[in-house]
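Chemist: Before anything else, here's the structure in question.
The values are calculated or read from the model by the stated rules, or taken from the named source; none is laboratory data. Here the structure is a predicted model, which means the values were calculated and not measured. Glycine gets a Cβ as well: all are built from the backbone with ideal geometry, and neighbour counts include every protein chain shown.
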Amino acid sequence: MSTATSMTTSASSRTYVEARDVASAVAAMSAGARPIAGGTDLVVGARHGKAPLPAALVGIHRIPGLSDVAATDGGGLRIGALVTHATLVADPAVLAAYPGLADASAIVGSHATRANGTLGGNVMNSSPAMDTGAPLLCHGGVAVLVGPAGERRVALADLWTGPGRSTAAPDELLVAVELDGPPADGASGSSYVRLQYRRQMEIAIVGAGAVVTLGADGTVTDAKVAITALAPVIHRVAEAEAALVGTDGGFEAARAAGAAAAAAARPISDVRGSADYRRAMAAVITRRAVLTAVRRARGESVPVPASDTTFGS
Amino acid sequence: MAVDITLSVNGVPYPLTVDPHASLLHTVRGDVGLTGSKEGCDDSECGACMMLVDGRPVNACSYLAVQADGSDVTTVEGLSDGETLAPLQEAFLTRGGVQCGFCTPGMLVSATALLDRTPNPSEDEIRTAVSGNLCRCTGYDGIVKAIAAVAAERAAQG
Ligand SMILES: Cc1cc2nc3c(=O)[nH]c(=O)nc-3n(C[C@H](O)[C@H](O)[C@H](O)COP(=O)(O)OP(=O)(O)OC[C@H]3O[C@@H](n4cnc5c(N)ncnc54)[C@H](O)[C@@H]3O)c2cc1C
Ligand code: FES
Ligand code: FES
């Protein structure tokens, strides 16, 4: 392979430092080092030959203060970049108001992947198939990045630009993701459902997230829908959201949202599924995600992860 | 540039000098000399290399040794008390959880991590926990029953 020489780095050129704090991590990144948190993407990607392990690494896994889940002043949630999937799945605040995020983290890899893989690594990998993306978008996710010039905030919709590509500079460290709180009026529910050929150790063939808010009379007053593994980036589908607002959130409304998601999808064909199959399943999976979010908004209990639920339709 | 680290493996500190890209698995097998942990896929798929790092289950083949500097690492060799096997090890032997034995070190470490966190798991929780550990021999049934038996014994003992 012509890239053979670039696939490896000579042992003598490799460096590793462990960051004590955000400032030392950013300093190392400015000098060219790549951050490594749980390593479940970076190291495994190198094993696959996706990209060689960068010669200069900075370990960020023990930086204090980035592993907390805390309420924000605005009634939302701030999740530190080093919070693991295992922590998210067990966090009471996440389970109560952001169950769609728990649905996603609960199906990442195996229990070892979840014990080490971080939310920050999931987000910064910018994969169109990663599982936390759709629920984070539906909950208004904002990336908090720190670089040499200080802190800036970027909506996740403006962060991801393509597979493995983002608008973050190489010397910007993600320190947290902030989510909106539930609307003051009405009852909200959220969900994430993926099409999977097995329950664990799987990658989404198609996925969808939804957040639905119901008014006192049960009418949908607000809806967010995002789709996964159906385009170069995970993105929201305005037509699917419009199809839900003002309805009763029932099967027909959910089916209309699913049809809108399928129409918006630009899937690829690969070994996991053809583009046609993915588009057809976009309708089904989006419908299920919407119906699950509606059930949770109505106060019904749908266990996490929602993908394991046996759907009747 | 090689990096100086200290790994505490099964309670014994090992000062080591490692390549920054060396995996925890190769370091523990090659430099520490504990070969109980196996390499099946070197890719986070099979779980044969599973170790605990500060109590967390880790695919050691895909974890950099430098990131474990200063951490407590537990391998299958650390589960028994000398020659006295841990209850999980006994249960694997008596309930058909071991055939060729290649997956066993990782299975035992994975099951240990599960029971540390969830002392009384359902069968579903057991199957979920070992879903990252592949076994080509047993059909998993003996493994799942062995883990459930240990959980039940512990619950009975209070
Ligand atoms: C067996 C297996 C199964 C998996 N299954 C799934 C799955 O089902 N769904 C899914 O979504 N993912 C899955 N993954 C991918 C991976 O586990 C997750 O994306 C995980 O959240 C990555 O986190 P990490 O801390 O390990 O990232 P790392 O590997 O440490 O980092 C990933 C990337 O992000 C960068 N980075 C990390 N943290 C920061 C930060 N704070 N600021 C800036 N850049 C940063 C790194 O430089 C690197 O480029 C799987 C991985 C494995 C090995
Ligand atoms: S050798 Fe580590 S998971 Fe297979
Ligand atoms: S006993 Fe042979 S692989 Fe499990």
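Chemist: With the structure loaded, tell me whether A:G38 is within 23 Å of A:G109 (Cβ to Cβ), facing chain B (nearest Cβ under 9 Å) and either at pLDDT below 95 or assigned to a loop (DSSP other than H, G, I, E, B) (or both) or whether it fails that test. It would help to see each step written out before you state the result.
Modeler: Working: within 23 Å of A:G109 (Cβ to Cβ): yes; facing chain B (nearest Cβ under 9 Å): yes; either at pLDDT below 95 or assigned to a loop (DSSP other than H, G, I, E, B) (or both): yes.
For A:G38, the condition - within 23 Å of A:G109 (Cβ to Cβ), facing chain B (nearest Cβ under 9 Å) and either at pLDDT below 95 or assigned to a loop (DSSP other than H, G, I, E, B) (or both) - is met.
Chemist: Being under 25 Å from B:L16 (Cβ atoms) and either surrounded by fewer than 19 Cβ atoms within 10 Å (Cβ to Cβ) or modelled with pLDDT under 95 (or both) is the filter here; which residues of segment B:71-81 pass it? Quick ask: steps written out before the conclusion?
Modeler: In the first step, residues of segment B:71-81 are kept if they are under 25 Å from B:L16 (Cβ atoms); the result is B:71-80.
Residues satisfying the conditions are B:D72, B:E77, B:S80.
Chemist: Also: Right, B:L114: surrounded by fewer than 24 Cβ atoms within 10 Å (Cβ to Cβ), in a helix (DSSP H, G or I) and not polar (S, T, N, Q) or not?
Modeler: Details: surrounded by fewer than 24 Cβ atoms within 10 Å (Cβ to Cβ): yes; in a helix (DSSP H, G or I): yes; not polar (S, T, N, Q): yes.
So B:L114 passes the test.
Chemist: Let me ask something else about it. Given the criteria more than 21 Å from A:V89 (Cα to Cα) and outside any loop (DSSP other than H, G, I, E, B), does A:T161 qualify? So that I can check it myself, show each step before the final result.
Modeler: On the way: more than 21 Å from A:V89 (Cα to Cα): yes; outside any loop (DSSP other than H, G, I, E, B): yes.
Yes.
Chemist: Would you call B:L108 touching a residue at least 12 places away in the same chain (Cβ under 8 Å), in contact with a Ser or Thr (Cβ under 8 Å, 6 or more places away or on another chain), within 15 Å of ligand 3 (Cβ to nearest atom) and part of a helix (DSSP H, G or I)? Give the derivation first.
Modeler: Numbers: touching a residue at least 12 places away in the same chain (Cβ under 8 Å): yes; in contact with a Ser or Thr (Cβ under 8 Å, 6 or more places away or on another chain): no; within 15 Å of ligand 3 (Cβ to nearest atom): yes; part of a helix (DSSP H, G or I): yes.
In short, no.
Chemist: Are any residues in segment A:164-193 surrounded by fewer than 24 Cβ atoms within 10 Å (Cβ to Cβ), assigned to a strand (DSSP E or B) and of a type in the set (V, I, T), and if so, which ones?
Modeler: A:V175
Chemist: A further question follows. Does B:V58 qualify as being within 15 Å of ligand 1 (Cβ to nearest atom) and not small (G, A, S)?
Modeler: Working: within 15 Å of ligand 1 (Cβ to nearest atom): yes; not small (G, A, S): yes.
Judged against the criteria, B:V58 is a match.
Chemist: Going through segment A:1-33 one residue at a time, which ones are part of a helix (DSSP H, G or I) and at pLDDT 95 or above? Spell out how you get there, then give the answer.
Modeler: So in segment A:1-33, the residues part of a helix (DSSP H, G or I) come out as A:4-7, A:11-13, A:22-30.
Correct list: A:V22, A:A23, A:S24, A:A25, A:V26, A:A27, A:A28, A:M29, A:S30.
Chemist: From B:R136, B:R95, B:R117, which residue is away from ligand 3 (no atom under 14 Å from the Cβ) and basic (K, R)? Quick ask: steps written out before the conclusion?
Modeler: On the way: B:R136 fails: away from ligand 3 (no atom under 14 Å from the Cβ); B:R95 fails: away from ligand 3 (no atom under 14 Å from the Cβ).
Exactly one of B:R136, B:R95, B:R117 is away from ligand 3 (no atom under 14 Å from the Cβ) and basic (K, R), namely B:R117.
Chemist: Restricting attention to segment B:17-44, which residues are surrounded by fewer than 18 Cβ atoms within 10 Å (Cβ to Cβ) and closer than 14 Å to B:A68 by Cα?
Modeler: B:T17
Chemist: Also: Would you check if B:V9 is more than 17 Å from the chain's Cα centre (by Cα) and either at pLDDT 95 or above or within 13 Å of chain A (Cβ to nearest Cβ) (or both)? Please lay out each step first, then the result.
Modeler: Working: more than 17 Å from the chain's Cα centre (by Cα): no; either at pLDDT 95 or above or within 13 Å of chain A (Cβ to nearest Cβ) (or both): yes.
So B:V9 fails the test.
Chemist: Next question. Taking A:I63 and the conditions (1) of a type in the set (A, V, I, L, M); (2) crowded, with 21+ Cβ neighbours inside 10 Å; (3) more than 14 Å from every other protein chain (Cβ to nearest Cβ), which numbered condition does it fall short on, given that it satisfies the others?
Modeler: Going through (1) of a type in the set (A, V, I, L, M); (2) crowded, with 21+ Cβ neighbours inside 10 Å; (3) more than 14 Å from every other protein chain (Cβ to nearest Cβ) one by one, A:I63 breaks only (3).
Chemist: Also: Identify, by number, the condition in (1) over 13 Å from the mean Cα position of the chain (by Cα); (2) surrounded by 24 or more Cβ atoms within 10 Å (Cβ to Cβ); (3) within 16 Å of ligand 1 (Cβ to nearest atom) that B:A48 doesn't meet.
Modeler: (1)
Here is a yes/no grid of residues against (1) modelled with pLDDT of 95 or more; (2) outside any helix (DSSP H, G or I); (3) under 14 Å from the mean Cα position of the chain (by Cα):
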position	(1), (2), (3)
A:K50	no, yes, no
A:V58	yes, yes, no
A:H61	yes, yes, no
A:L66	yes, yes, no
A:R78	yes, yes, no
A:T87	yes, no, no
A:A96	yes, no, no
A:A102	yes, no, yes
A:G109	yes, yes, yes
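Chemist: Okay, next question. Only one of (1) in contact (Cβ under 8 Å) with a residue 60 or more places away in the chain; (2) within 30 Å of B:A48 (Cβ to Cβ) is not met by A:E178, so which one is it?
Modeler: Condition (2) is where A:E178 drops out.
Chemist: How many residues does segment B:47-69 contain that are more than 13 Å from B:L24 (Cβ to Cβ) and within 10 Å of chain A (Cβ to nearest Cβ)? It would help to see each step written out before you state the result.
Modeler: The first filter runs over segment B:47-69 and keeps only residues more than 13 Å from B:L24 (Cβ to Cβ), leaving B:47-48, B:55.
If we keep only those that are within 10 Å of chain A (Cβ to nearest Cβ) too, we end up with B:47, B:55.
Number of matching residues: 2.
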